[in-house]
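Comments concern the structure below.
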Amino acid sequence: MLKRYYDKCPEDVDKIFLNIKGCFFDRSRADSSPEGVRKSVENCVRMIGGKGRIDQFEPARKDPNVDIEVAMEALKKHVEAGDIGGIALSEVNAQTLRRASKVVKIEALEIELSLWHTEPLENGVARACAELDIPIIAYC
């Protein structure tokens, strides 16, 4: 859908900040291995076509089978290649966020945060974001 929009209104590319969640296959399995990252980023780039750009890419969830440092190194290569503008994370704890930020700049952290879900304010995640200068994208 976004590719069709860019085809129709290419002048709007600079008006859009695109954050894409990826590295999640079959709606049930995280894959942040270097090969999984490559497949996911390449698929997203292909889907938006040559006119759009991915400003920020975030693995949808932390892959329990891949160290966060390995995933961040794989994503860092795509930033350096110009495939994506930056890296965000989703639903990670403070320790994982700190480990990831030692490998590459983390542009944002998406977490559940609301009047009904205040755990990130109590479990160290918000504090880590403040210390590392990482904006929180709150959902819910």
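No lab work stands behind these numbers, since they all come straight from the coordinates. On a predicted model such as this, the values are computed, not experimentally measured, just so you know. Cβ coordinates were reconstructed from backbone atoms using ideal geometry, including for glycine residues, and neighbour counts include every protein chain displayed.
Going from the residue with the fewest nearby Cβ atoms within 10 Å to the one with the most, Met72, Met47 rank Met47, Met72. The slack in the chain from Glu122 to Arg98, taken as 0.36 nm per residue of separation less the alpha-carbon distance, amounts to 7.0 nm. Near Arg127: Cβ cut-off under 13 Å, other residues only, Lys/Arg at +1 and Asp/Glu at -1. The net charge is -3.
Partners of Lys76 within straight-line reach, counting aspartates and glutamates whose Cα lies under 15 Å from its Cα and excluding those fewer than 8 residues away in the same chain: Glu35, Glu42, Asp55, Glu58, Asp67, Glu107. Under a model in which nothing but the beta-carbon of Lys, Arg (+1) and Asp, Glu (-1) is charged, the chain shows a dipole of about 380 debye around its Cα centre.
Rounded to the nearest 10 degrees, the inclination of helix 68-80 to the longest alpha-carbon principal axis of the chain is 30 degrees.
Residues Cys9, Cys44, Cys23, Cys140, ranked from the fewest to the most other C-beta atoms within 10 Å, line up as Cys140, Cys9, Cys44, Cys23. Backbone geometry of region 99-106 corresponds, through the Karplus equation with coefficients 6.51, -1.76 and 1.60 at θ = phi - 60°, to 3J(HN,Hα) couplings of 5, 5, 6, 6, 8, 7, 5, 9 Hz, x marking Gly and Pro.
Taking all Cα pairs closer than 8 Å and separated by 6 or more residues, the relative contact order of the chain comes to 20 percent. The chymotrypsin sites (Phe, Trp or Tyr not before Pro) found in region 38-140 that occupy coil by DSSP, while having at most 15 further C-beta atoms within 10 Å, are Trp116.
Using R0 = 41 Å, the C-beta based FRET efficiency linking Asp7 and Glu73 works out to 0.75.
For the chain, the 222 nm mean residue ellipticity estimated from helices alone, with every DSSP H stretch of n ≥ 4 adding -39500 (n - 2.57) and the total spread over all residues, rounds to -11000 deg cm²/dmol. Legend: translational diffusion of the chain by Stokes-Einstein, Rh = Kirkwood radius over C-alpha pairs, 10 °C, 1.306 mPa s; D = 102 µm²/s.
Between Ser33 and Glu80, the contour length at 0.36 nm per residue exceeds the Cα-Cα span by 15.1 nm. Based on C-alpha pairs under 8 angstrom that are at least 6 apart in sequence, region 8-62 has a relative contact order of 52 percent. Computed 3J(HN,Hα) for region 33-43, one whole-Hz value per residue from the Karplus formula 6.51 cos²θ - 1.76 cosθ + 1.60 where θ = phi - 60°, is 5, x, 5, x, 4, 4, 4, 5, 5, 4, 5, glycine and proline marked x. Amide H contacts of Asp63 (H built 1.01 Å from N, in plane; Pro and chain starts excluded): Ser32 sit under 5 Å, all sequence-distant by 5 or more or on other chains.
Close amide H contacts of Ile84 (hydrogens built in the peptide plane, cut-off under 5 Å, sequence separation of 5 or more or a different chain): Val79.
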